[in-house]
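The values are calculated or read from the model by the stated rules, or taken from the named source; none is laboratory data. Please read all numbers here as calculations on a predicted model, not as lab measurements. Neighbour counts are summed over all protein chains in view; Cβ atoms, including those assigned to glycine, are modelled from backbone coordinates with ideal geometry. Calculation scope for accessible area: heavy atoms of the full protein, side chains included, ligands and nucleic acids excluded. Shrake-Rupley method; radii C 1.70, N 1.55, O 1.52, S 1.80 Å.
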Amino acid sequence: MWRYIGRKLFVYLLTFVIAVTINWMIPRFMPGDPVRSMLNRASISDPEALERMTTYYETVFGLDTPLYQQYFNFWAGLFRGELGVSSMLYPQPVLDIILRSLPYTLALLLPAILLSWIVGNRFGAFAARNKVLDNTVLPVGYILTATPYMWLALLLAWSMGIVLGWFPASGGYSFSLIPEFSWLFISDLISHWFLPFMSLFIVALGGWAIGMRNMIIYELEADYSNYLQALGAPRRLIRRYAFRNAMLPQITGLAVQLGTVIAGALLTEIVFNYPGLGTLILSALNNRDFFVLQGVFLFVVVGVLIANFIIDIIYVLIDPRTRVQMTGGGA
Amino acid sequence: MTLRVNDLKVYYQTLRGDVHALDGVTFDLADGEIMGLAGESGCGKTTLGKSLIRLDSRMKHVGGTIELDGKNVPIADEKAMVPLRYHEISLIPQYAMSALNPTRKIGRMIKDLMKARGVDPASIEDELHRRLELVGLEQDVLNRFPIELSGGMKQRVVMVISTLLNPSLLIADEVTSALDVSTQRAVAESMVEFRDRGFVKSMVFVTHDLSLVYQMADTIMVMYAGHVVEKASAKTIVNEPKHPYTQMLISALPEVGSTEEQGRLEGIPGKPPGLLDPPTGCRFKDRCPLAFSKCSERPPLVEIEPGHWAACWKTG
Ligand SMILES: Nc1ncnc2c1ncn2[C@@H]1O[C@H](COP(=O)(O)OP(=O)(O)O)[C@@H](O)[C@H]1O
Ligand code: SF4
Ligand SMILES: [Mg+2]
């Protein structure tokens with residue numbers, strides 16, 4: 001067990017190192033002069049400030065030090081939590097900017113992923129034993145999974161945000177409010193959160209429900225189900241077993257889908273102008289702010305790796321077969 | 001008389017029509033009798049076994065009756081069958097290797113099953129341990145997942161589970177087919193021992209291995225294309241078979257009673273008719289060297305001497 005986790009950890013660490021390296025390489029090996037194009041976009045009129053910025057970025061990019069030195073400096077900075085200084089919001093540190101956006105993205109992603117997974121699985125399992133429900137859930141589910149995030153997000157923003165006006169369709173909270181811990185502000189946050197969350201939740205839901213329904217039906221036909229039925233076991237027990245076995249591929253599916261969901265969340269934020277990492281990426285791109293881009297990329301990679309690692313461990317805990325293979329026992 | 005099957009007809013419903021897998025099967029099984037059920041692959045052995053305990057969704061009870069210990073077995077009535085299952089009639093399925101839930105420890109699964117069948121798991125615990133020991137398994141298997149056991153161990157676990165409630169009738173479908181020769185013998189001997197100790201009253205032992213069944217069964221019933229062709233004591237079937245099909249089966253054996261593997265039923269030229277649209281009359285007539293005009297009518301299964309039934313116009 002620990003050896004397995006150690007091995008996994010090593011693979012994830014390696015991925016992390018590679019990702020950081022690529023991240024480091026991108027602005028340095030890009031054609032043109034990244035510092036120049038970054039500063040041109042920074043639209044700073046004060047020549048003195050511009051001068052300060054130029055010196056700063058040239059030192060950071062270490063144009064006078066050898067490449068390997070720059071590479072090690074980059075890592076050293078990383079361990080001190082230094083991700084550089086933003087050019088579009090000079091002189092704010094990138095880390096601060098990201099930490100400001102991160103809660104919004106997490107508040108969208110975590111509930112959307114977990115709730116759609118839980119609700120979708122329950123719903124799919126339920127549909128598997130109900131003809132009427134099955135006949136409605138299935139087509140709706142297929143339509144939902146086939147819907148691109150962007151598209152559904154636009155549809156929701158337009159219908160419920162603009163036409164019906166039930167929820168705000170843009171921003172993280174009303175500009176007239178000052179962030180504070182009050183009921184008014186929190187309810188405002190929630191109403192802004194609702195539509196982007198819903199669009200993520202709904203798209204993911206259909207996929208999980210269909211997957212679960214199909215898996216359950218497959219498991220109910222499995223030999224162990226037939227054996228229990230022959231011995232007169234009630235449907236309840238057989239379904240419980242089927243559900244447990246059907247969960248396993250759904251957990252793997254979660255790991256596989258994670259990247260897609262995160263990409264979807266970033267796009268959804270852009271549609272709703274939601275102040276999370278996705279929106280941050282967009283403005284950093286527009287402003288050629290490589291430090292912010294690098295920083296966000298790093299956070300996304302780390303997030304995906306951590307989530308995958310957690311799923312790996314959960315899988316091992318609930319599937320005896322992987323555990324047996326790991327300890328080398330068995331037939 | 002434990003089991004009495006009369007003119008049982010069970011068809012599979014398919015898109016291309018009904019497959020007449022059991023087309024009028026009649027036989028009796030006495031208390032304490034182990035009946036070997038033999039015949040080529042596809043003759044309806046598994047179908048007969050399933051028909052005695054649970055029809056799957058494609059199977060349709062078309063006619064005939066089953067009686068166990070004097071009571072009707074309402075095979076087509078799913079609800080009414082539930083109390084009989086496991087308590088009265090039990091099954092070791094052909095797929096015993098995959099019959100155990102892969103994500104439950106075996107002991108836990110047995111507990112779940114007992115509770116679901118209204119039996120206090122504690123009340124059978126000692127008996128369970130005794131029986132595991134009897135078939136040569138450690139108590140520790142209860143703490144393991146199915147994947148941790150070898151094929152032979154899984155087979156024996158299923159054997160113990162299926163007989164735990166002392167059913168009147170046990171259907172054992174190809175329990176030895178997936179095992180190597182030495183394990184086959186051990187499993188077959190355990191089955192006889194289970195009967196001798198009264199864990200099961202009587203048994204239908206499905207196999208295509210005549211020499212194995214000859215050594216353990218009291219009687220043998222031979223099926224062909226959904227019909228019973230002959231039933232008699234194991235000795236009679238092997239030494240003095242009367243039906244031409246049985247005779248050919250026996251003569252195809254390398255040596256009667258030997259434990260030689262392979263090449264059992266390959267000696268008969270031709271192949272059985274399809275059961276989707278089976279021919280009328282004797283279903284063996286296309287391959288039968290003795291076939292004559294009368295064989296286009298179905299020969300009835302008659303008792304040609306005490307305890308010896310055959311369905312052939314030439315033996316009647
Ligand atoms: N699910 C099914 N649907 C249609 N036909 C089936 C099905 N299962 C079995 N059959 C047919 O029923 C006949 C008897 O099958 P089976 O009882 O499994 O034979 P055996 O166990 O003697 O090998 C065969 O002709 C087989 O093709
Ligand atoms: S009834 Fe006719 S065809 Fe059938 S086995 Fe007897 S002789 Fe052969
Ligand atoms: Mg079979």
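Laid out as a table, the results:
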| quantity | calculated |
| --- | --- |
| Residues of the range A:75-159: accessible area per residue with a 1.4 Å probe, Å² | 54 Å² |
| Proportion of all alpha-carbon pairs of the range B:94-176 beyond 17 Å (%) | 43 percent |
| For chain B, the Rg and Dmax computed from alpha carbons only, in angstrom | 19.7, 64 |
| Contour minus Cα-Cα distance for A:Glu221 and A:Asn286 (0.36 nm per residue) | 18.0 nm |
| Average projection area in nm² (convex hull over Cα atoms of the protein assembly as shown, one quarter of hull surface) | 40.0 nm² |
| For the protein assembly as shown, calculated [θ]222 nm from helices alone, where every DSSP H run of n ≥ 4 adds -39500 (n - 2.57) | -17000 deg cm²/dmol |
| Nitroxide proxy distance, nm - points 7 Å out along Cα→Cβ at A:Asn130 and B:Ser177 | 4.0 nm |
| Sequence of B:His61, B:His129, B:His308 from largest to smallest accessible area, 1.4 Å probe | B:His61, B:His129, B:His308 |
| Segments A:231-243, A:193-205, A:162-174 sorted - mean Cβ within 10 Å per residue, highest first | A:193-205, A:231-243, A:162-174 |
| Among A:80-88, A:248-256, the order from most to least packed when residues are scored by Cβ within 10 Å on average | A:80-88, A:248-256 |
| Zone of B:Lys60's modelled label, taken as backbone nitrogen in the range B:1-25 under 16 Å from a point 7 Å along Cα→Cβ | B:9-24 |
| Amide N proximity, the range B:140-177 versus B:His129 label position 7 Å along Cα-to-Cβ, cut-off under 17 Å | B:140-144 |
| Length added when fully stretched, A:Phe29-A:Leu305, from 0.36 nm per residue minus Cα-Cα | 96.8 nm |
| For A:313-322, mean number of other protein chain Cβ atoms within 10 Å | 2 |
| Separation of alpha-carbon centers, the range A:103-129 and the range A:215-242, rounded to whole Å | 25 Å |
| Loop GluC sites (Glu not before Pro), the range B:129-185, which have at most 13 other Cβ atoms in a 10 Å radius of their Cβ (DSSP) | B:Glu138 |
| Top of B:Glu67, B:Glu230, B:Glu305 by mean-square fluctuation, Gaussian network on chain B, Cα under 10 Å | B:Glu305 |
| Residues whose placed amide H lies under 5 Å from that of B:Gly64, excluding near-sequence neighbours | B:Lys9 |
| Burial ranking of peptide ranges A:216-224, A:261-269 (average Cβ count within 10 Å, highest at the top) | A:261-269, A:216-224 |
| Charge context of A:Asn308, other residues only, Cβ under 15 angstrom, K/R +1, D/E -1 | +1 |
| Nearest 10 degrees, 0 to 90: helix B:181-196 Cα axis against chain B principal axis | 80 degrees |
| Accessible area of A:Tyr4 in the full protein assembly, 1.4 Å probe (Å², nearest 10) | 40 Å² |
| Cut-off 11 Å between beta-carbons: net charge of the residues surrounding B:Gly49, Lys and Arg +1, Asp and Glu -1 | +1 |
| Shielding by other protein chains, B:50-59, mean Cβ within 10 Å | 2 |
| With all protein chains modelled, accessible area of B:Lys285 [1.4 Å, Å²] | 60 Å² |
| Relative contact order (%) - chain A, alpha-carbon pairs under 8 angstrom, separation at least six | 26 percent |
| Exposure ranking of B:Met81, A:Met1, A:Met247 by accessible area [1.4 Å probe, largest first] | A:Met1, A:Met247, B:Met81 |
| Apportionment of accessible area to carbon and sulfur, the protein assembly as shown, percent (1.4 Å) | 60 percent |
| Contact order normalised by residue count of the range B:1-146, Cα under 8 Å, 6+ apart, percent | 21 percent |
| Computed accessible area, A:Thr54, all protein chains, 1.4 angstrom probe, square angstrom | 20 Å² |
| Share, in percent, of DSSP beta bridges within the protein assembly as shown that are antiparallel, nearest 5 | 65 percent |
| With Cα atoms, 0 to 90° folded angle of helix B:151-163 axis to chain B main axis | 90 degrees |
| Orientation-averaged projected area, Cα convex hull of the range B:1-69 (nm²) | 4.8 nm² |
| Sequence-distant residues sharing a close amide H with B:Leu37 (under 5 Å, placed H) | B:Phe205, B:Val206, B:Thr207, B:Met221 |
| Between the range A:76-92 and the range B:94-157, the Cα center-to-center distance that results, in Å | 61 Å |
| Helix runs (DSSP H) in chain A reaching 30 Å along axis by Cα, Kyte-Doolittle at least 0.5 | A:2-28, A:94-127, A:183-220, A:235-271, A:290-318 |
| 10 Å Cβ neighbours from other chains, averaged over peptide B:100-108 | 5 |
| Label-point separation in nm, B:Ser41 to A:Lys8, each point 7 Å along Cα→Cβ | 4.1 nm |
| In the B-A interface, the accessible area buried, summed over both sides, Å² (probe 1.4 Å) | 2400 Å² |
| Nearest-ten-degree value, helix B:121-134 long axis tilted from longest Cα axis of chain B | 60 degrees |
| Fraction of beta bridges assigned by DSSP in chain B that are antiparallel (%, nearest 5) | 60 percent |
